[in-house]
Amino acid sequence: MRSSLAPSDTIFRLIARGGGGLVLLITGGIGIFLAYQAKPTLQTYGWKFFTEQSWQPEANQIGVAAILFGTVVIATIAIAISFPLAVATSLYITEWAPRGLKKSLVAVIDLMVAVPSIVYGLWGFFLLQPWIIHVSRWITDFFGWIPIFKVDTDPDAAVFDGATYASSAFIAGIVVAMMVMPIACAVMREVFEQTPRGEREAALALGSTSWGVVRAVVLPFGRGGIIGGTMLGLGRALGETIAVVMIVSPLFEINWHVLQSGSITISSMIALRYGEAQGSQLNALMAAGLVLFVITLIVNLIAGFVVARSRSGAGTEI
């Protein structure tokens, strides 16, 4: 016979359920609000809203194809850069860093999470960009035969045209990666630290090296944390606004050349156009926001499904 719960456990269960229900209610309310506001735009333009590249309300041309492409490109660049950095940093902190340095690194990572996005934007625009344009040119010189790394400029020109390489999706992706990395690293670090000590010692007793312990025990145990931290960072990358606004040069067309100036994201476009939008223009921005909301929701649902199928520690069970 199942014993009754203590009053404190019952209260805690009710509070937990209430909190979960409240989160679902708020999320659903946001989705319903955006859908209601976006309905006039979707009814007017239909599927053309998703295939049109330009955003010119005065010319009755509105579409999210270009801004959706820019959003995915910048987020992909950010994750491609931040993922290995987050994994390597979290592993070093948990496995090899001296005790004194470990505390300092944890404090720095936590501080990076709290830095406002506008500070990252200023750092990227004034300090990072003048150096990265030379890296972009180097990539173009050696890998320009790959279409995405090609830049429409003369490589043999007497004067280096830095403006062509500035304000690109690549630079914005690097800045967003620096914002995403601390979040993903914090999640991964917490999971790696929960690796059972007994399994670590068993691997060492069998003659495994430090890297062998990481590869055979820590990484399989922390698989769920790695996926969860990466997906959490991807959600941040998809919705980043101010830093992208400060870096990229708005371009309402699909730009396959990630090293070349010009790109746009959904969130940055909304930030740029919201102040002057009225009526149907405001509804169009709400429709763009609905697209971003749905994409973020799908990413989180996929992340939850993947994490549920690869719980931390599943790979180390005997």
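Treating the angle as unsigned and between 0 and 90°, give the value, to the nearest 10°, between the Cα long axis of helix 99-114 and the longest Cα principal axis of the chain.
Roughly 40 degrees, rounded to the nearest 10.
Residues of region 1-136: accessible area per residue at 1.4 Å, in Å²?
Accessible surface, normalised per residue, equals 63 Å².
Within the chain, what whole-number % of the accessible surface is contributed by carbon and sulfur, with the 1.4 Å probe and all protein chains included in the calculation?
With neighbouring chains kept in place, the figure for the chain is 67 percent.
Where Lys and Arg each count +1 and Asp and Glu each count -1, what net charge lies around N255 among other residues with Cβ under 15 Å from its Cβ?
Result for the local shell: -1.
How far apart, in nm, are the 7 Å Cα→Cβ label points at L297 and D152?
Going by the 7 Å Cα→Cβ label model, 3.8 nm.
Taking the chain as the reference, fit the longest principal axis to its C-alpha atoms, fit the long axis of helix 280-309 to the helix C-alpha atoms, and give the angle between the two in degrees, 0 to 90, nearest 10.
So the helix axis and the longest Cα principal axis differ by about 30 degrees.
Return the ratio Rg/(2.2 N^0.38 Å) for the chain, where Rg is computed over Cα atoms only.
Compared with the compact-globule rule of thumb, the chain sits at 1.19.
In nanometres, what is the gap between the two model label sites at W96 and A6, each 7 Å from Cα along Cα-to-Cβ?
In this crude spin-label approximation the distance works out to 4.5 nm.
Averaged per residue, what accessible surface does region 194-249 expose to a 1.4 Å probe, in Å²?
46 Å²
The values are calculated or read from the model by the stated rules, or taken from the named source; none is laboratory data. These numbers were taken from a predicted model, which means no experiment stands behind them. Every residue, glycine among them, receives a Cβ derived from its backbone with ideal geometry; neighbour counts consider all protein chains shown. Just the protein is used for accessible areas: all its heavy atoms, side chains included, with ligands, DNA and RNA removed. Shrake-Rupley method; radii C 1.70, N 1.55, O 1.52, S 1.80 Å.
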